[in-house]
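Structure, as structure tokens:
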Amino acid sequence: MLQHRSTQSGVAPISASVETMKILVTGGTGYIGSHTVLSLQEAGHDVVVLDNLVNSSEESLRRVSELTGKTAAFHKVDLVDEPAVEAVFDQHQIDAVIHFAGLKAVGESVQEPLAYYYNNIVGTLNLLRAMDKHNVRSIVFSSSATVYGEHNPIPYIEKMEIGANNPYGRTKEQIEDILSDLGNADDRWHIALLRYFNPVGAHPSGRIGEDPQGIPNNLVPFIAQVAVGRREKLMVFGGDYDTPDGTAQRDYIHVVDLADGHVAALNYIAGRPGVRRWNLGSGRGSSVLEVLRSFEKAVGQPIPYEITGRRAGDLPAFWADASSALADLGWSTTKNVDQMCEDHWRWQKNNPYGYNAAEPAAAGNAQASGA
Ligand code: WQD
């Protein structure tokens, strides 16, 4: 739900509606995408979703429709299929694009860099070429705090030099460069680069949420699966960092706050050509153990865990300087870690296997049966 956050900055409230626009959301059936579709519809916009469903389920859109009473047009399209991308723009009068679609697992990107560069970069180029051809030149891009790399002091500030240290992060950085060059070459483009910190939580209805395929890489979905009985215990990656409790600190942000940040950015660039970048974070760090305790409070019972060795590539701590988004967009986070955990748990408790009604059959079983 969009709330007025911006009185203190004098900027028009986020929910100050611009005229109804038709927004194309790539990756709109995913975790952040589906929450953003909901925020866009609540703000009065029409939505078209393009997604290849490689990491998500169309069920998320059906549930968003339940919640908003509005239906987004859906196209099962892969961005690397340029003619199919063009066809979506032929079919709809798109006013602006919010671009989430892409592969996003850091560890996987190290194993499969070619798949990451092909999908994320070529897919984005196809999208931008189709936009340009159809005179659609407003885009909000889903970037990531991972572009800050491992050498910047905290809190991270938008003007800092960036330098990701993994292929996934480098695709985000290169897409930022592509969009910056495009905006600098052609002032008809309106571009927002949003650098997320750690999105967690779920819509308070408990009907949509994070549904990772396979073993979750990220902390909170893993904790949630332990709490619901799908995993034995949480492995805490490192208890010997130079932090108050020895576990690593991150800037967690509620996914509904994050989604609202996209609507605020869309409103901001509507009348402003050029390229701008904003951190979307709370500006505060929370440790692994602090998050675990919050989740235990939400569940009402202890969650088993074991402190093990550090995970390769992890940083001890990082969080955002979130002042630019407040000053420019009138946007700041409204929910704390306890609320994130309460909402995440409600989603997980009500949907133990995510959007699958029952436990998905393990691939191995299918092979074993000689299928
Ligand atoms: C958070 C903390 C782990 C799992 C990643 C990507 C980033 C962005 C968000 C896309 C770390 C610890 C985790 C577990 C643990 N994704 N942890 N046990 O690594 O900060 O960021 O996701 O944009 O690009 O890098 O998030 O949730 O994986 O880890 O102890 O089972 O939790 O070591 O300290 P991360 P995370």
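The values are calculated or read from the model by the stated rules, or taken from the named source; none is laboratory data. Since the model is a prediction, treat every value here as computed from it, not as a measurement. Positions of Cβ are generated from backbone atoms using ideal geometry, with glycine treated the same way; all protein chains shown enter the neighbour counts. Note: areas computed on protein heavy atoms with side chains; ligands, DNA, RNA excluded. Shrake-Rupley method; radii C 1.70, N 1.55, O 1.52, S 1.80 Å.
A compact table of results
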| read-out | value |
| --- | --- |
| Any chance L266 is under 25 Å from R311 (Cα atoms) and open to solvent by less than 30 Å² (accessible area, probe 1.4 Å) | no |
| Single residue of the stretch 53-65 satisfying the filter (assigned to a loop (DSSP other than H, G, I, E, B) and under 19 Å from I23 (Cβ atoms)) that is least open to solvent (accessible area, probe 1.4 Å) | S56 |
| Odd one out for D251 among (1) within 12 Å of the ligand (Cβ to nearest atom); (2) farther than 27 Å from M160 by Cα | (2) |
| Flag if I121 is among the aliphatic types (A, V, I, L, M) and within 20 Å of S39 (Cα to Cα) | no |
| Conditions (1) under 20 Å from the mean Cα position of the chain (by Cα); (2) more than 16 Å from F141 (Cα to Cα); (3) touching a residue at least 40 places away in the same chain (Cβ under 8 Å): number failed by G281 | (2) |
| Whichever residue in the stretch 75-130 is among the basic types (K, R) and under 22 Å from the mean Cα position of the chain (by Cα) and, among such residues, is nearest to the ligand (Cβ to nearest atom) | K104 |
| Scope the stretch 191-224; condition closer than 22 Å to L266 by Cα and out of contact with any Leu (no Cβ under 9 Å at 6 or more places or on another chain); matching residues | A202 |
| Of all residues in the stretch 311-337 being more than 15 Å from D260 (Cβ to Cβ) and open to solvent by less than 50 Å² (accessible area, probe 1.4 Å), the one that is nearest to the ligand (Cβ to nearest atom) | D314 |
| In the stretch 290-318, the residues that are outside any loop (DSSP other than H, G, I, E, B), out of contact with any helix residue (DSSP H, G or I) (no Cβ under 8 Å at 6 or more places or on another chain) and under 23 Å from Y196 (Cβ atoms) | A317 |
| The one condition in (1) within 17 Å of D328 (Cα to Cα); (2) surrounded by 20 or more Cβ atoms within 10 Å (Cβ to Cβ); (3) away from the ligand (no atom under 14 Å from the Cβ) that G271 fails to fulfil | (2) |
| Residues being in a loop (DSSP other than H, G, I, E, B) and open to solvent by 30 Å² or more (accessible area, probe 1.4 Å) - total across the stretch 138-154 | 5 |
| Failed condition for L292, given (1) within 16 Å of the ligand (Cβ to nearest atom); (2) touching a strand residue (DSSP E or B) at 6+ places or on another chain (Cβ under 8 Å); (3) open to solvent by 10 Å² or more (accessible area, probe 1.4 Å) | (3) |
| Pair list, Cβ under 7 Å, 6 or more apart: the stretch 170-182 residue farther than 11 Å from I121 by Cα, other residue assigned to a helix (DSSP H, G or I) and not acidic (D, E) | L182/L128 |
| Strands (runs of 3 or more DSSP E) (entirely within the stretch 155-243) containing at least 1 residues that are within 11 Å of the ligand (Cβ to nearest atom), open to solvent by 20 Å² or more (accessible area, probe 1.4 Å) and out of contact with any Phe, Trp or Tyr (no Cβ under 6 Å at 6 or more places or on another chain) | 198-200, 234-237 |
| Positions within the stretch 189-228 being charged (D, E, K, R) and within 17 Å of F141 (Cβ to Cβ), in sequence order | R195 |
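Residue-by-condition table, conditions (1) in contact (Cβ under 8 Å) with a residue 60 or more places away in the chain; (2) in contact with a helix residue (DSSP H, G or I) (Cβ under 8 Å, 6 or more places away or on another chain):
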{"site": "H75", "(1), (2)": "no, yes"}
{"site": "D78", "(1), (2)": "no, yes"}
{"site": "Q93", "(1), (2)": "yes, no"}
{"site": "F100", "(1), (2)": "yes, yes"}
{"site": "L114", "(1), (2)": "no, no"}
{"site": "N119", "(1), (2)": "no, no"}
{"site": "N126", "(1), (2)": "no, yes"}
